[in-house]
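Data first, discussion second: the structure below is written as C-alpha cells.
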Amino acid sequence: MAFDRPIKVAVIYYSSTGTVFQLAKAAVTAAEKAGAEVRLRKVRELAPEEAIASNQGWAAHHAATQNVTEATLDDLEWADVILFGSPTRFGLPAAQLKQFIDTAGGLWAQGRLVDKIAGSFTSTATAHGGQESTILAINNTFYHWGAIVVPPGYADPVQFQMGNPYGTSHTSNNGETMPGEVELDAVSFQVTRMVEVARAFRAGQQALGASA
Ligand SMILES: Cc1cc2nc3c(=O)[nH]c(=O)nc-3n(C[C@H](O)[C@H](O)[C@H](O)COP(=O)(O)O)c2cc1C
C-alpha cells in the first residue's frame, strides 16, 4: 500500500558565503523530483552587520538570500524528513544553526520530533577541516530527538566520488569554490534516499495502523 500523501521535506541551512546554500538548493530540486513537498528555510543570521559587511562574499550572499524564508519550529514539526546544512566552524556546526536547534526543546519534550527521517551536510575550507565532525555533531541532536538518521553511506556510485558516507560535504577553499557536479549529485542522492526511506517507513506505519 502506497503512503497516501507526499513526503514533506524541510531543508534547513545556514550559509555565509553561499556554498551550503548551493547544496541546499540542489537538495530541494532533487526532493521535489522524488515527489516530495519541500520547504527551503534559512536559519536566522545572528552575526552583527559590521561582521557581515567586512567580508565581501558574506555580504553579497546575505543580500542575495533576503527572500529565503526563515526557519521556524513549525517547519520541524511539519516535516517527515529534516535535512540540516551548515558550514564548519572550528570543526563544529555554525552557531546560527545551533541556536535554531536549541529552540526545539518544547517540540522535543512533547515527542514531536520522534521518527523524523534526518541527516545533514556541510562545507569546509579544507578537506580535513572537520567535515565528518560537523556532520556527526549535527546528527547527535537527532539521536536526542528519537529521529532516524539516514546516512548516504556508499549506497550510490556518486558516494565513491564524493567520499563521505556520513553526509554530503564540499571543500570550498574558504567560499571561493562552489560545489561541483559531484557534490550536487551527492546531496541529491542523499535527500532522494531520505525521501524513499521516509515513504517506506510511513507506508509501513500506515499499514500497521499507526498514526502518520
Ligand atoms: C569562524 C570560522 C571558522 C571556520 N572553521 C573552519 C574549520 O574548522 N575548518 C574548515 O575547513 N573551514 C572552516 N571555516 C571555513 C568555512 O567552513 C568554509 O569557508 C565553508 O565552505 C563556508 O560555507 P558557506 O559558503 O556556506 O558559508 C571557518 C570559517 C569561519 C568564518
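Every read-out reported here was derived from the displayed coordinates using simple, explicitly stated rules and does not represent laboratory data. Remember, it's a predicted structure, so these values are computed and weren't measured experimentally. Don't worry about glycine lacking a Cβ; one is built from the backbone with ideal geometry, like all the others, and counts go over all protein chains shown.
Could you check, for region 55-66, whether at least one of its residues is in contact with a strand residue (DSSP E or B) (Cβ under 9 Å, 6 or more places away or on another chain) and farther than 21 Å from Tyr143 by Cα? Scanning region 55-66, I find at least one residue that is in contact with a strand residue (DSSP E or B) (Cβ under 9 Å, 6 or more places away or on another chain) and farther than 21 Å from Tyr143 by Cα, so the answer is yes. Of the residues screened, Val149 is not one that is surrounded by 16 or more Cβ atoms within 10 Å (Cβ to Cβ), among the β-branched types (Val, Ile, Thr) and over 15 Å from the mean Cα position of the chain (by Cα). The listed residues are Ala94, Ala109, Ala127, Ala118, and the only one of them that is under 27 Å from Ala203 (Cβ atoms) and among the small types (Gly, Ala, Ser) turns out to be Ala118. The number of residues in region 52-103 being free of Cβ contacts under 8 Å to residues at least 60 places away in the same chain, more than 16 Å from the ligand (Cβ to nearest atom) and in a helix (DSSP H, G or I) comes to 4.
The set of residues in region 137-183 that are aliphatic (A, V, I, L, M) and either under 27 Å from Leu76 (Cβ atoms) or out of contact with any Ser or Thr (no Cβ under 7 Å at 6 or more places or on another chain) (or both) comprises Ala137, Ile138, Ala147, Ile148, Val149, Val150, Ala155, Val158, Met162, Val182.
Against the test of being touching a Pro at 6+ places or on another chain (Cβ under 7 Å) and either within 14 Å of the ligand (Cβ to nearest atom) or not hydroxyl-bearing (Ser, Thr, Tyr) (or both), the options Val28, Val20 yield a single qualifying residue, Val20. Restricting attention to region 17-37, the residues being within 22 Å of His61 (Cα to Cα) and within 15 Å of the chain's Cα centre (by Cα) number 12.
Residue-by-condition table, conditions (1) assigned to a helix (DSSP H, G or I); (2) away from the ligand (no atom under 16 Å from the Cβ); (3) surrounded by fewer than 22 Cβ atoms within 10 Å (Cβ to Cβ); (4) under 17 Å from the mean Cα position of the chain (by Cα):
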site	(1), (2), (3), (4)
Ala127	no, no, yes, no
Phe160	yes, yes, yes, no
Thr177	no, no, yes, no
Phe189	yes, yes, yes, yes
Met194	yes, yes, no, yes
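All of (1) loosely packed, with under 14 Cβ neighbours inside 10 Å; (2) within 12 Å of the ligand (Cβ to nearest atom); (3) closer than 25 Å to Lys8 by Cβ hold for Leu208 with one exception: (2).
Evaluation of Ala30 against the conditions (1) closer than 30 Å to Ala198 by Cβ; (2) assigned to a helix (DSSP H, G or I); (3) in contact with a His (Cβ under 7 Å, 6 or more places away or on another chain) shows that the sole unmet condition is (3).
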